[in-house]
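Novice: Please find one structure pasted underneath; my questions will follow.
The values are calculated or read from the model by the stated rules, or taken from the named source; none is laboratory data. From a predicted model like this one, the values you see are computed outputs, not experimental measurements. As a convention, Cβ positions derive from the backbone with ideal geometry for all residues, glycine included, and neighbour counts pool all protein chains shown. The area values use the complete protein model at the heavy-atom level, side chains included, leaving out ligands, DNA and RNA. Shrake-Rupley method; radii C 1.70, N 1.55, O 1.52, S 1.80 Å.
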Amino acid sequence: MWKLLVKIFRTGRLTEKSSRPVTQPHTPGFGRSLAIRHVDAGSCNGCELELLALENPYYALSSDGAKFVASPRHADLLIVTGPVTKAMKDPLTKTLEATPEPRRVLAVGDCACDGGVFRDSYAVCNGVSPVIPVDHQVPGCPPPPDEIRRAILRAFALPRQAQK
Amino acid sequence: MDNDDFSKRFSPGFCLIPREDGIPRAIIPQNSPGSYIEEARTLAASGGRFLGLWAAGDPEPRICTAFLLREGLIVLVLPLNLPEDPQTFPSLSSFLPAADRFERTVRDLFGFVPEGLEDSRPWISQGLWTVPPLASPPGTCIPETPTPDLQEYPFVRVLGPGVHEIPVGPVHAGIIEPGHFRFQVVGEKVLRLEERLGYTHKGVDGLFRGREIAAGARLAARVSGDSTVACSLAFAQAVEQALDFSPAAGVRFMRALLLERERVANHLGDLGALGNDAGLGFGLSQFTRLKEDLLRRNRIHFGARYLFDVIVPGGVRANLDDKAILDLLEENRLLAAEVGDLQKIYDDHGGLQDRFQNTGVLLPEVARRLGAGGVVGRGSAQAWDLRADHGGDPYRRFPPALALAHEGDVAARVRIRFLEIQESLALCRALLEHLPEHSIAEPLPDNPETAEGLGIVEGVRGEVLAWVRLAPGGVIRAAHIQDPSALLWPALEVVVPGNLVADFPLINKSFNLSYSGHDL
Ligand code: SF4
């Protein structure tokens with residue numbers, strides 16, 4: 001047990017400062033807490049690795065008030081990765097339906113933006129926006145964690161995109 | 001190597017061509033379904049491990065089946081040029097149970113019918129298309145089923161008092177890939193687990209067709225993101241074998257170094273997640289911190305955190321100067337010490353060991369029958385590791401010791417990961433200390449005729465295999481990457497019954513299989 005405590009003590013605090021934009025009291029937004037539901041719509045799992053990295057001690061996303069939750073019913077923000085395979089089209093739509101309003105959708109990675117390397121395959125929908133409305137996109141293959149974090153923090157105060 | 005003996009035992013008239021960069025590998029054409037099944041039987045009976053089965057379609061329909069022997073890699077190719085419709089091939093599932101899902105996949109995607117296969121359920125395509133999507137030439141529009149019913153899959157049910165079903169997925173409660181699990185449960189105990197995969201099927205084999213080599217390499221790197229180095233390297237080896245090109249020693253060293261860095265990064269992540277799933281959040285913070293340090297160094301010295309696209313056919317896209325080498329050696333020393341500390345903490349932690357031991361046991365005999373390799377196989381006494389067994393250069397010079405355990409439980413798979421991290425770090429140290437000068441990437445020669453090649457590397461989960469067929473001018477006619485996950489998913493189904501439902505996440509994590517690499 002003491003070994004464990006020594007390790008914690010020696011490691012110290014690693015979390016890097018981030019700059020969450022302060023939302024003005026009367027603008028629409030999610031205040032100080034944002035619940036995120038991730039949906040993998042057929043990614044190569046590269047983007048997942050970077051989403052997971054957001055929870056490591058360096059990025060410690062939860063210290064910014066944003067956390068990943070287990071059900072879309074608890075979520076304010078859906079993060080979608082992958083080119084949306086034909087088999088995931090339906091589950092993705094259902095996940096969106098289960099997410100209460102107000103909600104935002106963030107497409108993470110080149111695949112989610114436009115299909116990426118998998119574009120125009122018979123088995124994919126070429127990104128998230130042909131399937132559900134997207135509020136914001138983070139390109140990159142995979143995008144580095146600080147860019148994803150910046151986009152998430154911006155989502156706190158993201159205005160709603162016009163419904164298609 | 002007793003190559004002569006070897007060719008006498010099997011098909012006459014071929015030999016395993018030794019290659020500097022890896023294990024000897026050969027493609028053996030079969031002229032009839034009878035000889036194909038005979039050869040497969042001989043290979044399986046003489047200790048060959050079935051590694052996978054795939055098809056290529058238009059214009060030369062064929063079935064390819066891979067076996068790994070101690071002597072090398074063999075791929076049997078059965079051309080399907082018979083004028084029958086639908087085209088058939090003999091199923092191997094009667095003596096190779098692992099072939100089942102591969103043959104169902106071929107039936108789904110190409111429409112070739114495995115004769116003698118009992119399981120008539122679809123596997124990958126989930127009935128989304130009205131015709132087999134890869135049967136038509138590239139660019140053809142594939143008609144979709146108007147209202148596919150994805151729920152309509154005849155899972156095998158367990159009946160009896162108190163038995164109920166738990167469906168899980170495809171969308172899981174966490175940052176995980178999609179797939180469906182169907183548990184038959186009584187009380188807390190799992191009686192049966194059945195997987196339903198294919199949700200991440202992106203049509204990779206179709207996308208390879210007609211691409212240039214460079215574009216193909218980008219695609220290969222994205223078959224399974226956490227194994228991008230292994231997939232890129234296997235693909236590069238396949239292209240290089242087809243073009244009869246040998247990379248320089250410096251390139252081979254750099255590739256081996258990158259492969260070990262990928263292994264270490266993944267093992268660190270897995271060990272953290274395993275600690276966390278067993279209730280030790282400390283493990284997650286510590287291991288993810290070490291992993292992040294490693295990824296950041298990857299970014300600095302190799303230009304990419306996960307090393308996407310660093311290995312290309314013909315070479316590598318990175319070079320290390322003396323300062324970088326010293327920095328990596330220092331990182332290596334610190335990491336070895338830190339992992340050593342954490343291993344002691346894990347070993348001494350009663351609560352953790354209680355969850356790990358005797359959970360999710362894969363018996364050595366079952367592992368052998370299923371052909372499990374990689375961390376899972378080695379945790380169940382399957383002594384296969386391409387780096388230790390075959391030792392192409394540079395492994396021959398710095399042979400890594402094989403990590404092996406016999407218990408086959410979660411604890412064994414944890415221990416294998418700890419052992420392999422230290423072994424990988426020792427190998428990295430040797431590679432860095434002896435790194436030859438190398439040019440970054442050389443232009444590939446042209447191929448006047450159609451040529452085929454194979455590549456195989458020991459990735460994080462086991463053997464990653466690549467096959468490529470190149471038309472003149474370096475255009476890919478067909479290619480396939482085989483991730484070891486496809487062989488290991490059935491092993492998970494076998495391991496889970498008898499355990500508590502609540503232990504499933506832990507067991508699943510100790511396998512940590514790729515969905516994307518399986519579904520392609
Ligand atoms: S954007 Fe790149 S890393 Fe992300 S899922 Fe697609 S291929 Fe993988």
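Novice: Can you pull out every residue in the range A:31-47 that is open to solvent by 10 Å² or more (accessible area, probe 1.4 Å) and within 7 Å of another protein chain (Cβ to nearest Cβ)?
Specialist: A:Cys44
Novice: If you check B:Gly198 against the conditions, is it among the small types (Gly, Ala, Ser), within 14 Å of chain A (Cβ to nearest Cβ), crowded, with 22+ Cβ neighbours inside 10 Å and under 17 Å from the mean Cα position of the chain (by Cα)?
Specialist: Yes; evaluated as a whole, the condition is true for this residue.
Novice: What number of residues within the range B:87-110 are of a type outside the set (S, T, N, Q), away from every other protein chain (no Cβ under 14 Å), open to solvent by less than 30 Å² (accessible area, probe 1.4 Å) and more than 21 Å from the chain's Cα centre (by Cα)?
Specialist: Residues in the range B:87-110 being of a type outside the set (S, T, N, Q), away from every other protein chain (no Cβ under 14 Å), open to solvent by less than 30 Å² (accessible area, probe 1.4 Å) and more than 21 Å from the chain's Cα centre (by Cα): 2 in total.
Novice: Now for a separate question. Taking only the range B:283-306 into account, find how many residues are within 11 Å of chain A (Cβ to nearest Cβ) and either free of Cβ contacts under 8 Å to residues at least 12 places away in the same chain or within 16 Å of the ligand (Cβ to nearest atom) (or both).
Specialist: Let us first name the residues in the range B:283-306 that are within 11 Å of chain A (Cβ to nearest Cβ), namely B:283-293, B:295-296, B:299, B:304-306.
Now narrow it down to the ones that are either free of Cβ contacts under 8 Å to residues at least 12 places away in the same chain or within 16 Å of the ligand (Cβ to nearest atom) (or both): B:289, B:292, B:295-296, B:299, B:304-306.
Here the count works out to 8.
Novice: How do the pairs read when you match residues in the range A:95-119 that are more than 14 Å from chain B (Cβ to nearest Cβ) and open to solvent by 10 Å² or more (accessible area, probe 1.4 Å) with residues anywhere that are within 16 Å of the ligand (Cβ to nearest atom) and assigned to a strand (DSSP E or B), using Cβ under 6 Å and keeping only pairs 6 or more apart or on different chains?
Specialist: Listed pairs, sorted by first residue: A:Cys113/A:Ala107; A:Cys113/A:Gln137.
Novice: I'd like to check something: does the range B:341-355 contain any residue that is more than 26 Å from the chain's Cα centre (by Cα), among the polar types (S, T, N, Q), surrounded by fewer than 16 Cβ atoms within 10 Å (Cβ to Cβ) and part of a helix (DSSP H, G or I)?
Specialist: Of the residues in the range B:341-355, the ones more than 26 Å from the chain's Cα centre (by Cα) are B:341-355.
Restricting the remaining residues to those that are among the polar types (S, T, N, Q) gives B:343, B:353.
Okay, now just the ones that are also surrounded by fewer than 16 Cβ atoms within 10 Å (Cβ to Cβ), so B:353.
Add one more test, that the residue is part of a helix (DSSP H, G or I), and what stays is B:353.
The answer is yes, given that some residue of the range B:341-355 is more than 26 Å from the chain's Cα centre (by Cα), among the polar types (S, T, N, Q), surrounded by fewer than 16 Cβ atoms within 10 Å (Cβ to Cβ) and part of a helix (DSSP H, G or I).
Novice: Can you list residue pairs whose Cβ atoms sit under 7 Å apart, with the first residue in the range B:343-355 being within 10 Å of chain A (Cβ to nearest Cβ) and the second being open to solvent by 50 Å² or more (accessible area, probe 1.4 Å)? Count only pairs 6 or more apart in sequence or on different chains.
Specialist: From the range B:343-355, the pairs are B:Lys344/A:Lys3; B:Ile345/A:Lys3.
Novice: For the range A:48-69, give me the residue count where each residue is at the interface with chain B (Cβ under 8 Å from one of its Cβ atoms), open to solvent by 10 Å² or more (accessible area, probe 1.4 Å) and without any contact (Cβ under 8 Å) to a residue 12 or more places away in the chain.
Specialist: Qualifying residue count, the range A:48-69: 1.
Conditions (1) in a helix (DSSP H, G or I); (2) open to solvent by 10 Å² or more (accessible area, probe 1.4 Å), marked per residue:
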| residue | (1), (2) |
| --- | --- |
| B:Gln237 | yes, no |
| B:Asp244 | no, yes |
| B:Arg252 | yes, yes |
| B:Glu260 | yes, no |
| B:Leu294 | yes, no |
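Novice: Is one or more of the residues making up the range B:406-422 assigned to a loop (DSSP other than H, G, I, E, B) and over 24 Å from B:Lys509 (Cβ atoms)? Walk me through it before giving the result.
Specialist: Restricting attention to the range B:406-422, the residues satisfying the condition of being assigned to a loop (DSSP other than H, G, I, E, B) are B:406-409.
Retained after the next criterion (residues that are over 24 Å from B:Lys509 (Cβ atoms)): none.
Within the range B:406-422, none of the residues are assigned to a loop (DSSP other than H, G, I, E, B) and over 24 Å from B:Lys509 (Cβ atoms).
Novice: So B:Pro394 clears everything in (1) modelled with pLDDT of 90 or more; (2) open to solvent by less than 10 Å² (accessible area, probe 1.4 Å) except one condition, right? Which one?
Specialist: The single condition B:Pro394 does not satisfy is (1).
Novice: Right, next: Any idea which of (1) away from the ligand (no atom under 16 Å from the Cβ); (2) hydrophobic (A, V, I, L, M, F, W, C); (3) under 26 Å from B:Pro472 (Cβ atoms) is the one B:Leu193 doesn't satisfy?
Specialist: For B:Leu193, the failing item is (3).
Novice: Another question, then. Filter the range A:83-140 down to residues that are over 14 Å from the mean Cα position of the chain (by Cα), within 14 Å of the ligand (Cβ to nearest atom), at positive phi and not hydrophobic (A, V, I, L, M, F, W, C), then give me how many there are.
Specialist: The qualifying residues number 4.
Novice: Answer yes or no as to whether B:Leu320 is out of contact with any Pro (no Cβ under 9 Å at 6 or more places or on another chain) and within 14 Å of another protein chain (Cβ to nearest Cβ). Break it down into steps so the answer makes sense when it comes.
Specialist: On the way: out of contact with any Pro (no Cβ under 9 Å at 6 or more places or on another chain): yes; within 14 Å of another protein chain (Cβ to nearest Cβ): no.
When the stated conditions are applied, B:Leu320 does not pass them.
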